Amino acid sequence: EAGVVQSPRYKIIEKKQPVAFWCNPISGHNTLYWYLQNLGQGPELLIRYENEEAVDDSQLPKDRFSAERLKGVDSTLKIQPAELGDSAVYLCASSLDSDRGYEQYFGPGTRLTVT
Amino acid sequence: RKEVEQDPGPFNVPEGATVAFNCTYSNSASQSFFWYRQDCRKEPKLLMSVYSSGNEDGRFTAQLNRASQYISLLIRDSKLSDSATYLCVVNINTGGFKTIFGAGTRLFVKA
């Protein structure tokens, strides 16, 4: 069974530029998560989708971050404009369901460097 | 106070040693618990779920203490390959699940 797929794996951009990350979850997983992870910290949730619906985006900085999951399968996370402090690893995860706190499976992440 | 707290370590242990990590959580509405392992520059990978009755998987044992609000992970007969960061995860039922990761405990197993 294929795991969570993310692209690109690495991205280097200058500040104020836009950037987008793509994620394809495990087949059949209704719930998709985007996390941000800084060095030495645990992942921090940015947004959680149940199918197409964003059910928890309380930690998403909406002035510059946006996300979509139009058909309830793959998802895109965008930053516009990027700031130096956005340098981090962006992780996508999926699970069967979140109502019962199912296990999450992570993709390899996108390592973003903003210069 | 953080909702999920872990000792960052590092724990430096020799091969064959037994090592234990604790993770405390503050929200009594916490419903499900997991341990993840994360290798350097890799994504977190599920190690094991933590059940109320405790559970064991080979050399790994996880336990939950709801009264004191902590979970634990015990690793017996440590191997060099166990060197990693161990993340504790708590799902809190707030009318939909909210997932909180601890910052992780670093383990180094030495030959």
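The values are calculated or read from the model by the stated rules, or taken from the named source; none is laboratory data. These figures come from a predicted structure and were not determined experimentally. FYI the Cβ positions are ideal-geometry reconstructions off the backbone, even for glycines, and counts take in every protein chain you see. Surface areas here come from the heavy atoms of the whole protein model, side chains and all, with no ligands, DNA or RNA. Shrake-Rupley method; radii C 1.70, N 1.55, O 1.52, S 1.80 Å.
Return the residues of segment A:26-49 that are over 11 Å from the mean Cα position of the chain (by Cα) and either within 12 Å of another protein chain (Cβ to nearest Cβ) or in contact (Cβ under 8 Å) with a residue 60 or more places away in the chain (or both); say none if nothing qualifies.
Taking segment A:26-49 as the starting set, the residues that turn out to be over 11 Å from the mean Cα position of the chain (by Cα) are A:26-31, A:38-42.
Within segment A:26-49, A:I26, A:G28, A:H29, A:N30, A:T31, A:N38, A:L39, A:G40, A:Q41, A:G42 meet the criteria.
Taking segment A:1-35 as the region of interest, how many residues are over 17 Å from A:L91 (Cα atoms) and at pLDDT 95 or above?
6
Only one of B:V109, B:V19 is more than 16 Å from the chain's Cα centre (by Cα), modelled with pLDDT of 95 or more and of a type in the set (V, I, T). Can you tell me which?
Going through B:V109, B:V19 in turn, just one is more than 16 Å from the chain's Cα centre (by Cα), modelled with pLDDT of 95 or more and of a type in the set (V, I, T): B:V109.
I need the full set of residues from segment A:59-105 which are within 14 Å of chain B (Cβ to nearest Cβ), under 15 Å from A:L46 (Cβ atoms) and open to solvent by 30 Å² or more (accessible area, probe 1.4 Å), in order please.
Residue satisfying the conditions is A:Q59 alone.
Would you mind telling me which numbered condition in (1) at pLDDT 95 or above; (2) open to solvent by 30 Å² or more (accessible area, probe 1.4 Å) B:S53 fails?
(1)
A:C23 versus (1) open to solvent by less than 60 Å² (accessible area, probe 1.4 Å); (2) farther than 26 Å from B:R37 by Cα: which is the lone unmet condition?
Of (1) open to solvent by less than 60 Å² (accessible area, probe 1.4 Å); (2) farther than 26 Å from B:R37 by Cα, only one is false for A:C23: (2).
Working only within segment B:89-105, note down all residues that are closer than 15 Å to A:G40 by Cβ, at the interface with chain A (Cβ under 9 Å from one of its Cβ atoms) and assigned to a strand (DSSP E or B).
From segment B:89-105, those closer than 15 Å to A:G40 by Cβ are B:101-105; that's our starting set.
Imposing the further condition that a residue be at the interface with chain A (Cβ under 9 Å from one of its Cβ atoms) reduces the set to B:101-104.
Correct list: B:F101 only.
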